[in-house]
Ligand SMILES: Cc1ncc(COP(=O)(O)O)c(C=O)c1O
């Protein structure tokens with residue numbers, strides 16, 4: 001499929017939003033344009049891509065996404081580099097691959113990876129003036145696909161809308177690292193084997209909200225999710241993957257179908273091994289972590305994800321008892337991984353892994 005937008009692109013009809021680089025927050029400001037590619041089984045599949053002014057979508061009230069949740073999304077960041085023309089993406093091939101794997105699970109047609117990359121880069125370059133330059137800031141890229149057919153019978157939609165929107169976002173840690181308190185839930189579960197836990201689809205996030213709200217009400221930032229069947233094996237923390245440092249071994253739950261395979265998770269594993277650290281992917285139980293906290297062998301806990309890169313954990317509550325981690329401070333490994341991965345993402349340090357793609361020049 002080729003095609004593409006040919007002519008000039010009209011400006012956002014409401015005009016550009018002003019923004020202050022120091023107070024961007026996350027996800028409420030959008031750039032001028034969006035990419036749209038529609039799919040129609042009845043019209044031979046994918047239609048030509050279009051870059052359009054950012055605008056509302058008009059959906060029939062029976063549109064299938066609104067009823068049966070057939071949706072997949074991704075999240076990655078575009079960073080301004082040291083040179084004016086640089087725009088860096090971090091391992092975008094992994095996001096595209098994960099997007100298509102999620103689509104397969106949700107009975108959604110996959111998007112050609114080269115077309116996805118080309119059109120995403122065109123959109124980012126078109127709205128490049130929106131990429132903030134202050135340390136820690138970026139443009140968050142949100143590819144999304146929805147079942148767009150107006151139809152009330154339960155079956156896969158015959159029409160889809162794939163779109164990409166861009167949102168300038170602030171530094172996650174404007175005042176330095178803030179280790180978080182987490183709450184282990186054995187009341188709610190996020191995913192189960194055979195379900196959609198390893199797909200990046202709206203249902204997983206809807207299912208997580210109540211546990212998160214209850215945890216927030218008790219003063220916790222994130223929920224630690226346990227395995228649906230045994231309620232002891234650890235899965236993820238909030239919307240991040242999780243790592244433990246116990247006796248100088250870095251342990252993260254193995255991917256067994258219920259955990260989102262994070263791009264940052266994979267990068268942490270490879271980077272930490274490159275630092276000479278022992279990293280193991282295996283089942284880890286909350287009981288093992290409690291024992292390690294009690295006997296002093298638990299050195300660090302941290303989450304990993306695109307938004308924060310690394311999020312250190314200061315304490316966790318399990319069955320009503322609080323356990324302090326690393327004296328409530330940020331551990332050495334978490335701090336080093338954060339600094340080194342951010343330096344690679346933003347071009348401040350060389351990238352020995354070939355993870356960063358400079359898309360600044362067409
Ligand atoms: C449920 C969940 N787990 C883990 C992650 C971390 O994945 P990544 O490192 O690709 O951002 C995310 C965020 O995308 C997520 O939503």
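Quick look at the numbers
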item	result
Per-region count, segment 251-279, residues touching a strand residue (DSSP E or B) at 6+ places or on another chain (Cβ under 8 Å) and farther than 22 Å from residue 355 by Cα	5
Any hit, segment 93-110, residues being over 18 Å from the mean Cα position of the chain (by Cα), under 28 Å from residue 353 (Cα atoms) and either assigned to a strand (DSSP E or B) or without any contact (Cβ under 8 Å) to a residue 24 or more places away in the chain (or both)	yes
Residue within segment 334-344 that is more than 23 Å from the chain's Cα centre (by Cα), closer than 30 Å to residue 72 by Cα and in contact (Cβ under 8 Å) with a residue 60 or more places away in the chain present	no
The one condition in (1) touching a strand residue (DSSP E or B) at 6+ places or on another chain (Cβ under 8 Å); (2) assigned to a loop (DSSP other than H, G, I, E, B) that residue 152 fails to fulfil	(1)
Residue count for segment 255-284, restricted to those that are touching a helix residue (DSSP H, G or I) at 6+ places or on another chain (Cβ under 9 Å) and either within 16 Å of the ligand (Cβ to nearest atom) or in a strand (DSSP E or B) (or both)	15
Single residue of 39, 79, 5, 30 found to be within 16 Å of the ligand (Cβ to nearest atom) and either touching a strand residue (DSSP E or B) at 6+ places or on another chain (Cβ under 9 Å) or at pLDDT below 95 (or both)	79
Residue match in segment 229-244 (condition: at pLDDT 95 or above, farther than 19 Å from residue 190 by Cα and in contact with a helix residue (DSSP H, G or I) (Cβ under 9 Å, 6 or more places away or on another chain))	yes
Qualifying residue in segment 315-324 (condition: more than 16 Å from the ligand (Cβ to nearest atom), surrounded by 23 or more Cβ atoms within 10 Å (Cβ to Cβ), within 21 Å of residue 241 (Cβ to Cβ) and in contact (Cβ under 8 Å) with a residue 12 or more places away in the chain)	yes
Criterion violated by residue 231 - all others in (1) over 17 Å from residue 192 (Cα atoms); (2) more than 15 Å from the ligand (Cβ to nearest atom); (3) surrounded by fewer than 19 Cβ atoms within 10 Å (Cβ to Cβ) satisfied	(1)
Selected residue [within 16 Å of the ligand (Cβ to nearest atom) and within 26 Å of residue 65 (Cα to Cα)] from 221, 201, 252	201
Condition met for residue 299 (out of contact with any helix residue (DSSP H, G or I) (no Cβ under 6 Å at 6 or more places or on another chain), more than 9 Å from the ligand (Cβ to nearest atom) and under 22 Å from residue 193 (Cβ atoms))	no
Residue count, segment 208-254 (criterion: under 24 Å from residue 275 (Cβ atoms), in contact (Cβ under 8 Å) with a residue 60 or more places away in the chain and assigned to a loop (DSSP other than H, G, I, E, B))	0
Number of positions in segment 114-143 that are part of a helix (DSSP H, G or I) and within 19 Å of residue 201 (Cβ to Cβ)	1
Segment 306-349, residues that are over 13 Å from residue 182 (Cβ atoms), assigned to a loop (DSSP other than H, G, I, E, B) and touching a helix residue (DSSP H, G or I) at 6+ places or on another chain (Cβ under 8 Å)	306, 348, 349
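The values are calculated or read from the model by the stated rules, or taken from the named source; none is laboratory data. Since we're looking at a predicted model, the values are computed, not measured. Please note: Cβ atoms are built from the backbone with ideal geometry, for glycine as well, and neighbour counts cover all protein chains shown.
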